[in-house]
Amino acid sequence: MMASIRWGRVAGWAVLVVVMAVTLFPFYWMLRTSFSSTRALAGGAADLLPVDFTLGAYRRVLGLSSTAEAVAEGGSSGTVSFWLYLRNSIVVSTTITLGQVFFSSMAAYAFARLRWPGRNAVFTVFVTALMVPPIFTTLPNFVLVKELGLLNTYLGIVLPQLLMTPFAVFFLRQFFLGINGSVEEAARIDGAGHVRTYFRIILPMSRGPIATLAILTYITSWNDYFWPLLVGKAENVRVLTVALGIFRSQTPQGSPDWAGLMAATLFAALPIMVLFAVLGRRVIDSIGYTGVK
């Protein structure tokens, strides 16, 4: 019996190691490619180690190498205004996250803790929007943003997701439903209205779910590509995901600058990895808050 349990644990750890290796291998391959010379990659496509090790890709992405140096390594002669695009991504993602968390929490509080006619019916209709594919709303949103004259502006990029989303409202409502009503009763006895109760009691008690929603919203908006491509083509508002696509198309020598593209992708993913590494535990701890009531 002991031997079977021991072999079972060994098999479990072996499976776990294999799954982790398969999961992390693409990230390693990105690192390996970014430290390689683009010109030498074709000749060492199967090598597990960097081919002709160089930091040239990172220098190109950060704008530290000349055009001649980039072409000599087989890289793109185009440039990447990395710090500008990084700023744009931070502005867009932060604005969407703050707006969505704030307004979604207020809507969730109204659906969960207030009593008003037709509340459940309105919430049911609202949540059905989760079943509508986002592509169906892209064209109407684009026409609206265009008619408002907001193309190539920060507001045009953030507007469709700035106020709230059905998922965000549903996520927070499920937690608000579980808050003990006696807390609000005590606040009302002390003379607190709905606004004061929301800001002074509900929000402080909901730090975990709100932080989780903020992280998920930030990651989603940071990785968004299609909508910023449609309405934010101008360089002054271009986000990192769109810039990476444009950088990939700069192929003066007939093939993409894979080393430079992987280096830029690593830089683009690094803030999200740091964010999730620091706050990921809170996301895991808050999963249970979404149970249906």
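Roughly to the nearest percent, how much of the accessible area of the chain is carbon and sulfur, given a 1.4 Å probe? Please list the in-between numbers first.
Numbers: 11470 of 16390 Å².
Roughly 70 percent of what the probe reaches on the chain is carbon or sulfur.
Which whole-number percent gives the relative contact order of the stretch 120-210, counting Cα pairs below 8 Å spaced six or more residues apart?
Details: 22 pairs, mean separation 25.5, N = 91.
Relative contact order here is 28 percent.
Which is farthest toward the positive dipole end of the stretch 84-236 among Thr217, Asn236, Leu86, measuring Cα position about the Cα centre, with Cβ charges +1 (Lys, Arg) and -1 (Asp, Glu)?
The residue sitting farthest along the positive end of the dipole is Thr217.
Per residue, how much accessible area does the chain have with a 1.4 Å probe, in Å²?
Numbers: 16390 Å² over 293 residues.
Value for the chain: 56 Å² per residue.
Which order do peptides 40-48, 153-161 fall in by mean Cβ count within 10 Å, highest first? Don't skip to the answer; put the middle values down first.
Details: 40-48: 12.2, 153-161: 20.6.
Top of the packing list down: 153-161, 40-48.
At 25 °C and 0.890 mPa s, grab the translational diffusion coefficient of the stretch 84-236 from Stokes-Einstein with a Kirkwood Rh over Cα pairs, rounded to a whole number in µm² per second. Mind dumping the intermediate values first?
Details: Rh = 17.0 Å.
Here the translational diffusion coefficient equals 144 µm²/s.
In debye to the nearest 20, how big a dipole does the stretch 84-236 give about its Cα centre with +1 on each Lys and Arg Cβ and -1 on each Asp and Glu Cβ?
Values: 11 positive and 6 negative charges, 50 e Å.
With only Lys, Arg, Asp and Glu charged at Cβ, the dipole is about 240 debye.
Ratio of the chain's C-alpha Rg to 2.2 N^0.38 Å, to two decimals? Intermediate values should be presented prior to the final figure.
Values: Rg = 24.3 Å, N = 293, 2.2 N^0.38 = 19.0 Å.
Dividing the Cα Rg of the chain by 2.2 N^0.38 Å gives 1.28.
Toward the positive end of the charge dipole of the chain, about the Cα centre and with charges on Cβ (Lys, Arg +1; Asp, Glu -1), which of Trp13, Thr38, Ala263 goes farthest?
Of the options given, the answer is Trp13.
Could you work out [θ]222 nm for the chain from helices alone, using -39500 (n - 2.57) per DSSP H run of at least four and dividing by all its residues? Round to the nearest 500 deg cm²/dmol.
About -21500 deg cm²/dmol.
Based on Cβ point charges of +1 for Lys and Arg and -1 for Asp and Glu, what charge dipole magnitude is obtained for the chain about its Cα centre, in debye rounded to the nearest 20? Before the final figure, lay out each step's value.
On the way: 22 positive and 12 negative charges, 164 e Å.
Computed about the Cα centre, the dipole is about 780 debye.
Give me the percent relative contact order of the chain, please, defined on Cα pairs under 8 angstrom at least 6 residues apart. Please list the in-between numbers first.
Values: 320 pairs, mean separation 83.4, N = 293.
RCO, the chain: 28 percent.
The values are calculated or read from the model by the stated rules, or taken from the named source; none is laboratory data. Here the structure is a predicted model, which means the values were calculated and not measured. Glycine also receives a Cβ, built like all others from the backbone with ideal geometry; neighbour counts cover every protein chain displayed. These area figures cover heavy atoms from the full protein model, side chains too; ligands, DNA and RNA do not enter into them. Shrake-Rupley method; radii C 1.70, N 1.55, O 1.52, S 1.80 Å.
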